[in-house]
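One structure below.
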Amino acid sequence: MSTATAAELVPFAPPDIGGAEIAEVIATLESGWLTTGPRVRRFEEAFAAYVGAPHAIALNSCTAGLHLSLLAAGVGPGDEVITTPLTFCATANVIIHVGAAPVFADVDPSTGNLDPAAVSAAITPRTRAIIPVHYGGRPVNVAAFQALARRHQLTIVEDAAHCVEGVANGRKIGTTADFTCFSFYATKNLTTGEGGMVTTSSAAAADTIRIASLHGMSKDAWARYQTLGPTRYDVVVPGFKYNMLDLQAALGLHQLNAIDRHLARRTAICRRYDEALSNLPLGRFSSLPAADVHARHLYTVLVDPSAAGFSRDDLAAAMAASGIASSVHFPAVHLHRYYVDRFGFTRGQFPHAERIADTVLSLPLSPALTDRQVDAVIHAVRGAFRS
Ligand SMILES: *Cc1c(COP(=O)(O)O)cnc(C)c1O
């Protein structure tokens with residue numbers, strides 16, 4: 001939900017696309033190979049090396065990655081999967097796609113991340129997997145979830161849509177779970193327009209995901225772009241159409257090269273917001289443990305009406321009137337109509353997630369924002385408190 005007027009001065013998360021990306025897209029078009037091919041393979045290898053994961057499978061979305069990870073883990077009808085209500089709906093929708101039941105546990109109010117103690121209390125004999133989300137780019141307590149997974153023999157699928165650059169307790173995100181799913185959607189830290197990646201240390205799971213991502217065609221079919229003659233293939237499962245294009249990988253290769261520079265710029269913008277807004281009555285999440293790296297996907301403030309004198313929606317409207325976009329991450333998933341109607345979730349079940357969902361506002365954040373745009377955001381937020 002991006003709120004902006006026609007005269008938008010500061011967009012919410014404009015992509016930072018440079019000359020290298022543009023040249024690579026043109027080279028891809030000129031190569032005559034548009035769909036999954038050599039650039040996807042190179043992007044997978046570069047991404048796996050960046051994360052330090054043995055296997056990376058490029059897909060057309062993070063949602064596809066979450067879906068195929070649950071399938072590869074064998075999650076299906078009769079199973080329960082625990083996740084956070086403070087996430088994008090895709091995290092929970094995929095649980096329903098595989099025929100399992102979504103179970104929510106509340107978040108830690110000081111971080112916005114799934115609370116391991118709440119997850120522990122929600123585990124039943126039917127629980128098969130946990131999907132923690134690195135909310136806003138802040139790594140979850142990976143060690144606590146690993147301990148729960150060991151004790152109860154559960155699969156961990158991390159939703160790292162916000163967290164390409166994250167490090168949890170000294171370990172790179174992408175290496176700390178059975179499956180880690182990244183998003184390259186237009187607003188994400190690394191973008192291919194639409195796109196996603198799954199990393200895993202299991203060669204068998206990587207094969208399953210790769211095959212399921214292209215109609216369930218056998219491995220040989222994946223060599224098609226390298227062969228000249230007619231290709232033989234066999235269908236081993238009724239798969240999906242989730243493969244990434246070389247056109248997308250063309251963007252991804254150069255976005256990956258720029259990842260440290262882009263993170264440094266977002267981190268500097270966050271520091272500027274912190275300094276300029278620190279004396280306003282806005283709520284914030286706690287600071288990070290020393291061995292963690294925050295991927296700085298979102299810059300969030302919490303607008304408690306009793307402290308601020310107005311609501312989150314009032315602040316968003318005041319910013320929109322000044323041409324400043326903002327966004328809400330996220331409306332609580334369990335309170336969406338489908339979840340209420342089908343599963344009977346009600347307000348009050350996850351009070352921390354609900355309070356954050358009702359009061360959180362994300363300010364514009366992107367390496368493509370200029371200092372003047374950042375100053376315009378600060379001016380608009382401070383102005384809302386003066387009037
Ligand atoms: C963006 C997002 C997704 C979905 O990513 P797609 O690549 O658009 O499928 C999943 N989870 C979270 C937390 C997200 O923000």
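The values are calculated or read from the model by the stated rules, or taken from the named source; none is laboratory data. What you see is a predicted model, and the numbers here were worked out from it, not measured in a lab. Quick reminder, even Gly has a Cβ in these numbers, built from the backbone with ideal geometry, and neighbours come from all protein chains shown.
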Extreme residue, farthest from the ligand (Cβ to nearest atom), among residues of segment 144-191 that are part of a loop (DSSP other than H, G, I, E, B), without any contact (Cβ under 8 Å) to a residue 40 or more places away in the chain and more than 18 Å from the chain's Cα centre (by Cα): Q153
Which listed residue is touching a Ser or Thr at 6+ places or on another chain (Cβ under 8 Å) and in contact (Cβ under 8 Å) with a residue 60 or more places away in the chain, from N257, N243: N243
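For residues that are within 19 Å of R210 (Cα to Cα) and surrounded by fewer than 24 Cβ atoms within 10 Å (Cβ to Cβ), tally how many sit in segment 77-100.
Quick first cut of segment 77-100, residues within 19 Å of R210 (Cα to Cα) only: 94, 97-98.
The next check asks that each one be surrounded by fewer than 24 Cβ atoms within 10 Å (Cβ to Cβ); those that pass are 97-98.
Residues flagged as within 19 Å of R210 (Cα to Cα) and surrounded by fewer than 24 Cβ atoms within 10 Å (Cβ to Cβ) within segment 77-100 amount to 2.
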Strands (runs of 3 or more DSSP E) lying entirely in segment 37-143 (those with 2 or more residues that are away from the ligand (no atom under 16 Å from the Cβ)): 101-104, 127-131
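Do the conditions hold for I378, that is, is it in contact with a Gly (Cβ under 8 Å, 6 or more places away or on another chain), at pLDDT 95 or above and part of a helix (DSSP H, G or I)?
Values: in contact with a Gly (Cβ under 8 Å, 6 or more places away or on another chain): no; at pLDDT 95 or above: yes; part of a helix (DSSP H, G or I): yes.
In short, no.
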Those residues of segment 121-176 which are over 22 Å from A206 (Cα atoms), surrounded by 23 or more Cβ atoms within 10 Å (Cβ to Cβ) and charged (D, E, K, R), in sequence order: R138
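Within segment 153-173, count every residue that is in contact with a Cys (Cβ under 8 Å, 6 or more places away or on another chain) and not hydrophobic (A, V, I, L, M, F, W, C). If you could, list the steps in order and put the result at the bottom.
Pass one, segment 153-173, residues in contact with a Cys (Cβ under 8 Å, 6 or more places away or on another chain): 157-161, 173.
This time we only want the ones that are not hydrophobic (A, V, I, L, M, F, W, C), so: 158-159.
The qualifying residues number 2.
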Failed item in (1) part of a helix (DSSP H, G or I); (2) surrounded by 20 or more Cβ atoms within 10 Å (Cβ to Cβ); (3) of a type outside the set (S, T, N, Q), with H329 passing the rest: (1)
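Quick one: is L9 away from the ligand (no atom under 16 Å from the Cβ), in contact with a Gly (Cβ under 7 Å, 6 or more places away or on another chain) and over 19 Å from R261 (Cα atoms)?
It is true that L9 is away from the ligand (no atom under 16 Å from the Cβ), in contact with a Gly (Cβ under 7 Å, 6 or more places away or on another chain) and over 19 Å from R261 (Cα atoms).
Can we say H334 is buried (at least 20 other Cβ atoms within 10 Å of the Cβ), assigned to a loop (DSSP other than H, G, I, E, B) and either away from the ligand (no atom under 16 Å from the Cβ) or at pLDDT 95 or above (or both)? Give the derivation first.
Details: buried (at least 20 other Cβ atoms within 10 Å of the Cβ): yes; assigned to a loop (DSSP other than H, G, I, E, B): no; either away from the ligand (no atom under 16 Å from the Cβ) or at pLDDT 95 or above (or both): yes.
Spelling it out, it is not the case that H334 is buried (at least 20 other Cβ atoms within 10 Å of the Cβ), assigned to a loop (DSSP other than H, G, I, E, B) and either away from the ligand (no atom under 16 Å from the Cβ) or at pLDDT 95 or above (or both).
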Count of segment 177-190 residues which are surrounded by fewer than 24 Cβ atoms within 10 Å (Cβ to Cβ) and farther than 18 Å from I57 by Cβ: 2
Tabulated pairs, segment 204-227, first at positive phi, second at pLDDT 85 or above, C-beta under 7 angstrom, 6+ apart or interchain: H215/V235; H215/G239; H215/K241; G216/V235; G216/V236; G216/V237; G216/P238; G216/G239
